[in-house]
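Taking it in order: structure first as structure tokens, then the write-up.
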Amino acid sequence: METPTIADKTWFIDVEYKGYDRLIACGVLETDAGLLLVDPGPTVSLATLEAGLEAQGASFADVHGLFLTHIHLDHAGATGVIVDTYPHVQVYVHRRGARHMINPERLLASAQRIYGDLMDVLWGAFLPTPEANVHMLDGGETLEIGGRVFEVAYTPGHAIHHVSYLDRATGTAFIGDTAGMRVMGVPYVVPVTPPPDIHVETWHESIDLLRAWQPDRLFVTHFGPSDDVAWHLDEIARRLDEWAEQVRQSLLDGREDDARARAFHNVEMAVMKAVLDPSVRTPYEQMGQPEASWYGLARYWRKFATADERG
Ligand SMILES: [Zn+2]
């Protein structure tokens, strides 16, 4: 079990989602009040997360709280199950996501529509989080927990309830999906733009906000830390616009949506295969989901673009 160190008292666990490495990373921060976990991942990979803690001589009994960047199942799915077993665990989440953690019926119904019978296999159980454990964030606050200080920013674009956390002492920004998917050490960034919240302009504002933080390091959930912050943020901004434009063009081609999404997927998967070394292809193939991202950007154009922009 690998538990790489990012900085002083800061490390992460590969939860080995679906048995693959480098798909979902959970950040771990040591504080005097206990451990903080940034995005615990889904319930199906909870045993691996637990093993990662044990490898460092820790357990969930030592966890003070969960910093959720957003409530999508690949980031926050295990939250309710963790709190059910360890009722002392505190949950930090944006206000607009908090209500779905407390009352997950709507969240689960919409996930059920997407994943159907695969819900249990892909994600596992999702339990409600008791309101008493939930700390609602708006962005802009400073959290002081066990001698460590974290700045919180509201970073929508990928999800309307997305926040990012800056640990100023180590210069590490935990930014969920705001800088897309990028496997640590690989100079290739893939936007993650599934329905229903994608909004290109606010996403750019979120990227600008991360730039203004001037972090030394970005930590993305998919997957891990990177130190070339300026390049990474420029690249997600460029790739987001590139994908948005490709999807906008595809909406003018007279085909059905499933054909458009499939074509976009095939082109992007072929590009990945061409540019990526075989040793890093699997995480991109498993987590980069161009087909789902096509639907997210198509929804964005149909909902928000002016008639002029739609062509
Ligand atoms: Zn994600």
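The values are calculated or read from the model by the stated rules, or taken from the named source; none is laboratory data. Remember, predicted model here, so these are calculated numbers, not experimental data. So basically every Cβ, Gly included, is an ideal-geometry build from the backbone, and we count neighbours across all protein chains shown.
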Taking region 166-217 and the residues there that are acidic (Asp, Glu) and within 21 Å of residue 6 (Cα to Cα), the one that is surrounded by the most Cβ atoms within 10 Å (Cβ to Cβ) would be 177
Among the residues that make up region 103-117, is at least one of them surrounded by 14 or more Cβ atoms within 10 Å (Cβ to Cβ), within 16 Å of the ligand (Cβ to nearest atom) and under 29 Å from residue 209 (Cα atoms)?
yes
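Quick check on region 51-70. Is at least one of its residues β-branched (Val, Ile, Thr) and touching a residue at least 40 places away in the same chain (Cβ under 8 Å)? Walk me through it before giving the result.
Taking region 51-70 as the starting set, the residues that turn out to be β-branched (Val, Ile, Thr) are 63, 69.
The next check asks that each one be touching a residue at least 40 places away in the same chain (Cβ under 8 Å); those that pass are 69.
The answer is yes; a qualifying residue exists.
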Residue tally, condition touching a Lys or Arg at 6+ places or on another chain (Cβ under 8 Å), away from the ligand (no atom under 16 Å from the Cβ) and part of a loop (DSSP other than H, G, I, E, B), over region 213-264:
3
Quick one: how many residues across region 228-259 are among the acidic types (Asp, Glu) and surrounded by 14 or more Cβ atoms within 10 Å (Cβ to Cβ)?
3
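What tally of residues in region 1-16 results from selecting those that are closer than 25 Å to residue 88 by Cα, in a strand (DSSP E or B) and among the β-branched types (Val, Ile, Thr)?
Going through region 1-16 one residue at a time, the tally reaches 2.
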Filter region 81-117 for residues that are at pLDDT below 95 and hydroxyl-bearing (Ser, Thr, Tyr); the one that is farthest from residue 157 (Cα to Cα) is 115
For region 157-194, which positions are within 15 Å of the ligand (Cβ to nearest atom), among the small types (Gly, Ala, Ser) and under 19 Å from residue 286 (Cα atoms)?
176, 179, 180
